[in-house]
Each structure stands twice: as structure tokens, then as C-alpha cells.
Amino acid sequence: MHEGRNREPEIREVKVKAVGRKYVTIGNGDRYESEESNPFGLIQNIDYGNKGLLYPSRTDANNYIEKSRLSVWISNISWIKSRNYTLEQLRKVKEIFVD
């Protein structure tokens, strides 16, 4: 899966060529590795550009996209927008975020 700042995410199915101790290699030779920042998928091993993401299923990739979009949406809620919500709604949101 590839996603850029100014374009929609692109999901494509690929065939895994090899699975090693550190890397998973796909058919075109691109290598992916595990990183703590993405515990549910693998990140492309490149030095520049937008790194691709590798997930075990299309569902996992779509879940990542949804979570990413929701995180951006939540971060864009300002004080002015929050005035449109009731006190009870804001309390429930706070319960979710404060652990």
C-alpha cells in the first residue's frame, strides 16, 4: 500500500517472494521490515521518498487507512468546533482519550 500527502492511498495485492529473519521481499524485489511505529504491518526499507506499507490482508490495509483518517479528524477538532457538542458528548470523548 502506498499513501502520499496529496493523493489517495493505493492498495494493491502483491506476491511475497521470500520471508527472512529481518525482511519480507515481494515479487519486484522491494523489501519490507517491522518497525515499532506500525505494529500491524511492515514498512518498506528505502532511504528516501514515501515508504510503502505491507499488510497481510486488504482488510488490515483498509483498517489502517480508516484509523489514519480518524486520527487526523480528531486532531482537527478545535475549541470552536467543540462548542457544537454537548457536555455529555465531550465527557464521553474524554473518557476514551484519558486512560
* Work out from phi, with θ = phi - 60° and the Karplus expression 6.51 cos²θ - 1.76 cosθ + 1.60, the ³J(HN,Hα) of each residue of region 34-44, listed in order in whole Hz, and give x for Gly and Pro. => 7, 9, 4, 5, 9, x, 9, x, 10, 10, 4
* Pick out which of Leu42, Leu87, Leu54 has the largest mean-square fluctuation in a Gaussian network model of the chain, springs linking Cα atoms closer than 10 Å. => Leu87
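With a cut-off of 8 Å between alpha carbons and a minimum separation of six or more residues, what is the relative contact order of region 2-97 in percent? The partial results should precede the final answer.
Details: 84 pairs, mean separation 15.3, N = 96.
Across region 2-97, relative contact order equals 16 percent.
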* **Selected from Tyr85, Tyr32, Tyr48 as most flexible by GNM, with the chain as the system and alpha-carbon contacts under 10 Å** => Tyr85
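222 nm [θ] for the chain, helices only, -39500 (n - 2.57) per DSSP H run of 4+, per residue, to 500?
Numbers: 3 runs with 33 residues, N = 99.
After summing the helix terms and dividing by residue count, I get -10000 deg cm²/dmol.
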* Asked: At q = 0.17, 0.19, 0.24 Å⁻¹, what base-10 log of I(q)/I(0) does the Debye formula yield for the chain when every alpha carbon is treated as an equal point scatterer in vacuo?
  -> -0.84, -0.96, -1.32
* What's the percent breakdown of Cα-Cα distances in region 1-45 across 10 Å bins, shortest bin first? -> 26, 51, 22, 1
* To do: Could you state the angle between the C-alpha long axis of helix 58-75 and the longest principal axis of the C-alpha atoms of the chain, as a value from 0 to 90 degrees rounded to the nearest 10?
  => 40
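Give me the dipole magnitude in Debye, nearest 20, for the chain about the Cα centre, with unit charges on the beta carbon: positive for Lys and Arg, negative for Asp and Glu. Let's see the in-between values first.
Working: 17 positive and 14 negative charges, 31 e Å.
Charge dipole of the chain: 140 debye, to the nearest 20.
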* Asked: Which of Glu88, Glu36, Glu66 moves most in a GNM of the chain, Cα contacts under 10 Å?
  -> Glu88
* **Calculated from backbone phi, Karplus (6.51, -1.76, 1.60) coupling profile of region 17-26 in Hz, x at Gly/Pro** => 8, 8, 10, x, 5, 10, 10, 10, 10, 9
* To do: Read phi for every residue in region 82-98 and hand back ³J(HN,Hα) as whole Hz from Karplus 6.51 cos²θ - 1.76 cosθ + 1.60, θ = phi - 60°, with x for Gly and Pro.
  => 5, 5, 7, 9, 6, 4, 5, 4, 5, 5, 5, 5, 4, 4, 5, 7, 8
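Just add up the charged neighbours of Gly20: K/R +1, D/E -1, any other residue whose Cβ is under 11 Å from the Cβ of Gly20. Spell out each step's value before the answer.
Working: positive: Lys17, Arg21, Lys22, Arg31; negative: Glu33.
Taking every Cβ under 11 Å from that of Gly20, the sum is +3.
Rule-based calculations on the coordinates, nothing more; no lab input. Note that the structure is predicted; figures quoted are calculated from it, not measured. Glycine gets a Cβ as well: all are built from the backbone with ideal geometry, and neighbour counts include every protein chain shown.
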